[in-house]
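Down below is the structure, laid out as structure tokens.
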Amino acid sequence: MTAEDFRTIWLKPDDPAIVQIIDQRRLPHEYTVHDLRTWQDAATAIADMYVRGAPLIGATAAWGLYLAALEDADPANVQAAAKSLLRSRPTAVNLRWAVERILRIVATPGPDLVQRIRDDAQAICDEDVEISRGIGEHGVALLEEISKRKRGGTVNVLTHCNAGSLATINYGTATAPIYFAQRRGIDVHVWVDETRPRNQGSQLTAWELAASGVPHTLVVDNAGGHLMQHDMVDIVITGTDRTTRCGDVANKIGTYLKALAAHDNDLPFYVALPSTTIDWDSRDGIAEIPIEERDPEEVSHIYGTHDGKPIRVCTTSNNTPVSNYAFDVTPARLVTGLITERGICSASEQGLLGLFPERRGP
Ligand code: MRU
């Protein structure tokens, strides 16, 4: 997964009218490459979670707008596709960021709109790889420090959901410091939260850590507190789908409970994020971040394989009312620090503006 040339989305080499993705719904049982031929395919891939993870959602939307322009390069057509793509998933702000970036190109007069959008979708992907690399380079210092304190003993990281290579273009956000630590010979082990209901932990994070040879152990979502009470966790690192300018963090449902447990056990709770995940227009995450509610069947049913064949099993009685909130917000006061491509800062407006001074008001 950390191979330099690994990518989660790319243009088909012999047919630039097709964008290719890994169908993440089928992992870890099957590695399938899926073709996106229209912007509607891109919207479906985002909404139905063939692709997921904030940076990859943004990149897929950008490539979706390229496909829209290929179909009809009239700016009105691309703008209409943008409107629909924006509705595909509400919480990850990278979607809005990427769509607005491409729409600025659409609004700029110039030759060959298709080529200009294609170049920028590619640039979004290339930049994301560099951003994740930056997060890894800064975040690894935290793991190095713990390793020194433990005189080379195992550094135990707990993570939630998948904020790995699969959620980005390569390297991941929460996983980037882990991959960099592994390269530096630090003895690192990851507790992987299962992450119900879609099991991004058991199906994606465990798969990609295994592919990279990083020691890890899968646990149920509710195990984190117990592990922390028994000194089995040194640091929690998660990703985020949207971080406000004051440092409140939305991430996969259950993240808040990990932060509470870390706080109660005096353990560092860090959030790794690209600057593309910062919503500079919002301050209060609980009041302002839209929380996606998904299909109740994701909770009432689970997917897996039996004798090598995919199966779907209902775990409730038919009439059990179900709700499925996909994300929660961890208030900044519970976040020890934010790991970004420009460095590590406190989860606060002051901390973020220290790293991104261009975002200060006039
Ligand atoms: O519903 P998902 O799988 O898209 O949720 C993903 C997460 O919550 C990730 O932690 C987040 O997008 C950060 S990805 C680098």
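Tabulated data
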| item | result |
| --- | --- |
| Residues satisfying the stated conditions in segment 27-37, i.e. without any contact (Cβ under 8 Å) to a residue 40 or more places away in the chain and surrounded by fewer than 16 Cβ atoms within 10 Å (Cβ to Cβ) | Glu30, Tyr31, Thr32, Val33, Asp35, Arg37 |
| Sole residue being more than 24 Å from Glu130 (Cα to Cα), in contact with a Leu (Cβ under 8 Å, 6 or more places away or on another chain) and part of a loop (DSSP other than H, G, I, E, B), chosen from Ala17, Ala69, Ala81, Ala43 | Ala17 |
| Count of residues meeting criterion [among the polar types (S, T, N, Q) and closer than 22 Å to Ile169 by Cα] in segment 108-124 | 2 |
| Single condition Arg87 does not satisfy, out of (1) open to solvent by 10 Å² or more (accessible area, probe 1.4 Å); (2) within 16 Å of the ligand (Cβ to nearest atom); (3) within 28 Å of Ile135 (Cβ to Cβ) | (3) |
| Sole residue being in contact with a strand residue (DSSP E or B) (Cβ under 7 Å, 6 or more places away or on another chain), modelled with pLDDT of 95 or more and open to solvent by 30 Å² or more (accessible area, probe 1.4 Å), chosen from Pro268, Pro177 | Pro268 |
| Pick from segment 15-26, criterion open to solvent by less than 30 Å² (accessible area, probe 1.4 Å) and under 27 Å from Ala272 (Cα atoms), ranking: farthest from the ligand (Cβ to nearest atom) | Gln20 |
| Residue that is at pLDDT 95 or above, among the β-branched types (Val, Ile, Thr), assigned by TED's automatic domain parsing to the domain that holds Thr340 and farther than 23 Å from Ile291 by Cα, where the choices are Thr154, Thr108 | Thr154 |
| Out of Thr195, Thr243, Thr205, sole residue that is part of a strand (DSSP E or B) and closer than 27 Å to Glu298 by Cβ | Thr243 |
| Residue list for segment 279-316, filter: of a type in the set (Val, Ile, Thr) and over 30 Å from Leu352 (Cα atoms) | Val299, Ile302, Thr305, Ile311, Val313, Thr315, Thr316 |
| Candidates Val322, Val299, Val329, filtered to the one that is in a helix (DSSP H, G or I), open to solvent by less than 60 Å² (accessible area, probe 1.4 Å) and at pLDDT 95 or above | Val299 |
| His189 being of a type outside the set (Lys, Arg) and open to solvent by 20 Å² or more (accessible area, probe 1.4 Å) | yes |
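The values are calculated or read from the model by the stated rules, or taken from the named source; none is laboratory data. None of these values were measured; they are calculated from a predicted model. Don't worry about glycine lacking a Cβ; one is built from the backbone with ideal geometry, like all the others, and counts go over all protein chains shown. With ligands, DNA and RNA removed, areas are computed over all heavy atoms of the protein, side chains included. Shrake-Rupley method; radii C 1.70, N 1.55, O 1.52, S 1.80 Å.
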